[in-house]
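Below: the structure, in structure tokens.
What follows draws every value from the coordinates through simple rules; no lab data is involved. These numbers were taken from a predicted model, which means no experiment stands behind them. Note: ideal-geometry Cβ built from the backbone for every residue, glycine included; neighbour counts use all protein chains shown.
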């Protein structure tokens, strides 16, 4: 038994050694789902929507004035963009940019042939297999940030890994941003739910990185959803006016349930998503030319019997491929997909739906992927075990997307130097030279014999993941941080909290 434990320990250590890159450098072709004629039709539909139907830009007179000055047709709150206007404005969006982390070794490149995975974003609930489903707390939030920090297949810390529902709504963004800055040294997102919260996030980033560095480098990003169909409210425009004006990144994602917030047909919903995202991308450039922008798409099918969203289905997975093609034609980075599921537990449904959704996301070339790990219950719940299971599978994409080694070593000619026909390669010099990195081994998968598995407790994947995340938290060590910067951030949080009464809405 001790020998088997040693073998498994070595296997897990090997898996950890393989996944060390701060982001994925893709070396394989993209999947082109549609041909030129079909893509042009979708682009034409998006232009028609922007010019003839227009988009509502509500509750932000500054945004309307910016559009008016740029030459858009602005009537009350309806903004119509002449054909080609959005595309022209977006020419100054960088095709690729670096988001800097406080640890330079963890900075990520977003765009072109690079792919970055971030955890689930936004659930109010958390669950684990011992304590069940419950509202998230600040303790849960800190645990999840620590786990994300320690999981090498997650390149980015995100922001709302769960909602800390025990903290007042108007103050929790301060705790969340500070936690990411202190408990992780990976890149992160900032708050967007109110202009003041976005401003706080950018100001905290200035404290962490220095005002001069922030002026010329992206160190924090905001992630917002349009209010589909065709409504851009002040949450979006004020976030853009805060982050883009500071030269920081903006991710804008139309969230469309086909048949509800968009037409029931997939091509029509893709065209609407493209129109909404392009209009917002153009708006970022009105605020500041060259500000980083990521075009997003979150398209989901739904049960037309119940109205519930469905995930991992063929329609949204095909949309990932198509929006990838459209983003590349615009020459802007893309966000879409993730390990999405409607399942309430880390079960077979969760595995199947998440695998189909994530595979299409990766193969489509999504450059920045929120919801890569931890998503349950249509995004209402963050699963501790699901976070670990998803991240374990994400490690495989590092190998898949980096392509195949066809060097002399990859072709293995020397492997035949000491192996005769009908022999085996198990102990050959070539095998021994490559055995640590030849294959990705998922640390939560179990390939033991039935008898070995049973002798070790007969644990399923969820149980193994549960034990693993608990061990990781026990072993967690905060990444080194300048004490003066930490004190500045904590002092900023304390003063901001003291300056306002608690608000729970």
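With the cut-off at under 20 Å, measuring from each backbone N in the range 318-333 to a point 7 Å along the Cα-to-Cβ line of residue 264 picks out 318-319. Separation of the range 423-498 and the range 132-168, taken as the distance between their Cα centroids, equals 17 angstrom. Here the range 351-505 is treated as an ellipsoid with the same Cα gyration tensor; its semi-axes, largest first and in whole Å, are 43, 22, 19. Helix 2-18 and the longest principal axis of the Cα set of the chain meet at an angle near 40°. Beta bridges per DSSP, both residues in the chain: antiparallel share near 45 percent.
Angle of helix 384-402 to the longest C-alpha principal axis of the chain, folded into 0 to 90 degrees and rounded to 10: 90°.
When you restrict to C-alpha pairs under 8 Å that are six or more residues apart and normalise by the size of the chain, the relative contact order lands at 19 percent.
Judged by the ratio a/c of the largest to the smallest principal axis of the C-alpha gyration tensor, the range 43-99 counts as oblate, that ratio being 1.5 or greater while a/b is no larger than b/c. Shown for 107, 196: other C-beta atoms within 10 Å of each C-beta, ranked fewest to most, produce the order 196, 107. The long axis of helix 138-150 is offset from the longest Cα principal axis of the chain by roughly 60 degrees.
Calculated mean residue ellipticity at 222 nm for the chain: -14000 deg cm²/dmol, from DSSP H runs with n ≥ 4 weighted as -39500 (n - 2.57), summed, divided by the residue count and rounded to 500. Viscosity 0.890 mPa s, temperature 25 °C: give me the Stokes-Einstein translational D for the range 117-248 in µm²/s, with Rh taken as the Kirkwood radius over C-alpha pairs. Rounded, D is 160 µm²/s. Every Cα-Cα pair of the range 89-402 was included, and the share exceeding 32 Å stands at 19 percent.
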